[in-house]
Amino acid sequence: MPGSGELGGKAIKALYLLHPALGIPRGKSKGVGDVVVAEEGEIFDIELEESLLEANRRLAEQNRALLDRHGVRAIDVMGSVGAGKTSLISCLVERLKDRYRVAYVAGDLTTTIDADAIARHGVPVVQINTGKECHLDANLVAKALRRLDLASLDLLFIENVGNLICPAEFPLGAHQRVVVVSVAEGPYVVVKHPYIFMEADLAVVNKVDLAPAMGVDVGKLEADIRAVNPAIKVARTCCRTGEGVEEVVKALGL
Amino acid sequence: MHELTVAKALFDLALRAAEQEGAERVLEVRVAVGELSLVNHEQLAFWFREFSRGTLLEGAELVIEWVPGEVSCPSCGYRGPLSLVDDPAYHLLLPTLRCPRCGSVVRVVRGRDCLLKSLRILKRASRPEEGAHGRG
């Protein structure tokens, strides 16, 4: 029957509208007024309700299940370019590599600069080059996970592409999400990018040693973060000296 | 920039549905974008148009419905729009996950997603010589 059927489990409703723009021939008057006959074109409304973000979410769930099966905890580290994501992960790997079997996945448009930096700690690393894509997605992470021997790991850091917007929209399957901001991004970085803080479990305010030079009030940044998401944990760090990294370890429950 | 990814998902889903339905042409694609999703309407429409060129979807009108964000509070049972903090220091309204009634942390229950709602397609009417049901 025209207009009925199944697509993605959703019933399809036919409307049989006669659209004036379609040039549907009108029957000649036979004394009872014009009779409109739909010959060539019929219009149907198809109801779908399909999420455009669902494909990524499904893959993220698969990633999570795979990680759980191997007892690996994954942490997605997000933040702007230059916020200190790699420096923070480097500090964390240094402190944690004797207690956990750690690996690292680096997401960047190009280069292996970050992967090389973390590889110096002697842990397995996988570089994902996204080409021109502004965020990691669950599919890319799934590919990276296939390159790792998950059975021999406990802890995985996934460094997202430097960006405060897009990564928030694409969960990867990680157990925790961390967003790193630095005082060098100025006093308005949180209020201008509130949504990523809604998605994160921990916010790290980095480069606190530069706060006086930048004229940034770290307390105000922290208050902005908590205003957006009262449930988020906040840690202050200077990853260059390692100050505050222990707080991050505690906040992550590691 | 991630609208490219979302628009590609939209294009793929819409094209598949239109083909399955034997559409001759797609007249309208209706999408619901949540207030709390990070999808920019204009960029979505731009990329969708680009993908649609030379396909069944070319020329289809993309109708974007706006779905307001809604939160629910596990502590006091509040359900309603996401609150905004009025910060006089910045002259702005900052969205917050704090419950406007009791101050607890709320859960987002609506407005986070981005959905393909429906298609309006033009389809050639089945003719008797092609079989009464006009399908394969």
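Read-outs: derived from the displayed coordinates by stated rules, not from any lab. Keep in mind the model is a prediction, meaning the values are calculated, not measured. Heads up, the Cβs are rebuilt from the backbone with ideal geometry, glycines too, and the neighbour counts pull from every protein chain shown.
Report, in listed order, any pair from A:K85/A:K250; A:K85/B:K8; A:K85/A:K192 with a Cα-Cα distance greater than 24 Å. Could the numbers behind the result be given before it?
Working: A:K85/A:K250 17 Å; A:K85/B:K8 29 Å; A:K85/A:K192 19 Å.
Too far apart for the 24 Å limit: A:K85/B:K8.
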Open item on the list: Please list the three semi-axes, largest first and in whole Å, of the ellipsoid equivalent to the protein assembly as shown, using sqrt of 5 times the eigenvalues of its alpha carbon gyration tensor.
Closed with: 49, 25, 17
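Apply the a/c threshold of 1.5 to the C-alpha gyration tensor of the stretch A:53-116 and tell me whether it is rounded, prolate or oblate. Write down the numbers at each step before the final one.
Values: a/c = 2.31, a/b = 1.22, b/c = 1.90.
Cα axes put the stretch A:53-116 in the oblate bin.
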TODO: Figure the gain on full extension for B:S72 and B:L92 (residue separation times 0.36 nm, minus the Cα-Cα span) and round it to one decimal in nm.
DONE: 4.8 nm
Open item on the list: Please compute the modelled spin-label separation between B:Q43 and A:T111, points set 7 Å along Cα→Cβ, answer in nm with one decimal.
Closed with: 2.3
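Taking a ≥ b ≥ c as the square roots of the eigenvalues of the Cα gyration tensor of the stretch A:54-251, is the shape rounded (a/c under 1.5), prolate (a/b larger than b/c) or oblate? Please list the in-between numbers first.
Numbers: a/c = 1.69, a/b = 1.39, b/c = 1.21.
Note, shape of the stretch A:54-251 comes out prolate.
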Task: Simple label model, 7 Å out from Cα along Cβ direction - B:R124 to B:V63, nm - done: 2.7
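With only alpha-carbon atoms in the gyration tensor, what are the semi-axes of the equivalent ellipsoid for the stretch B:3-125, in Å, largest first? Walk me through the intermediate numbers first.
Details: eigenvalues 281, 50, 18 Å².
Equivalent ellipsoid semi-axes, largest first: 38, 16, 10 Å.
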TODO: Evaluate the charge dipole of the protein assembly as shown about its Cα centre and quote only its size in Debye, nearest 20, assuming +1 on the Cβ of each Lys and Arg and -1 on the Cβ of each Asp and Glu.
DONE: 580
Task: Rg(Cα) / (2.2 N^0.38 Å) computed for the stretch B:10-73, rounded to two decimals - done: 1.27
Open item on the list: Please report the net charge: other residues with Cβ closer than 13 Å to the Cβ of A:Q127, K and R +1, D and E -1.
Closed with: -2
Task: Of B:L38, B:L27, B:L62, farthest towards positive along the dipole that unit charges on Lys, Arg, Asp, Glu beta carbons give the stretch B:27-102 - done: B:L38
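Tell me whether the stretch A:164-254 comes out rounded, prolate or oblate; compute the Cα gyration tensor, take square roots of the eigenvalues as a ≥ b ≥ c, and use a/c under 1.5 as the rounded threshold.
Numbers: a/c = 1.81, a/b = 1.21, b/c = 1.49.
The shape class here is oblate.
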Task: Amide N of the stretch A:85-105 lying under 12 Å from the label point, which is placed 7 angstrom from the Cα of A:H70 along Cα→Cβ - done: A:102-105
- [ ] Report the normalised scattering of the stretch A:87-187 as log10 I(q)/I(0) at q = 0.17, 0.18 Å⁻¹, calculated by the Debye formula with identical scatterers on the alpha carbons.
- [x] -0.78, -0.88
Open item on the list: For the pair B:E35/A:T130, report the inter-label distance in nm, with labels modelled 7 Å from Cα in the Cβ direction.
Closed with: 2.7
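Would you work out the charge dipole size for chain B about its Cα centre, treating the Cβ of every Lys and Arg as +1 and the Cβ of every Asp and Glu as -1, and quote it to the nearest 20 debye? Walk me through the intermediate numbers first.
Values: 18 positive and 18 negative charges, 85 e Å.
Approximately 400 debye in magnitude.
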Task: chain B: Cys lacking any partner C-beta under 4.7 angstrom - done: B:C114
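Relative contact order for the stretch B:3-125 using alpha-carbon pairs under 8 Å, separation at least 6, rounded to a whole percent? Numbers along the way, then the final one.
On the way: 232 pairs, mean separation 44.2, N = 123.
Computed value for the stretch B:3-125: 36 percent relative contact order.
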Task: Fraction of beta bridges assigned by DSSP in the protein assembly as shown that are antiparallel (%, nearest 5) - done: 50
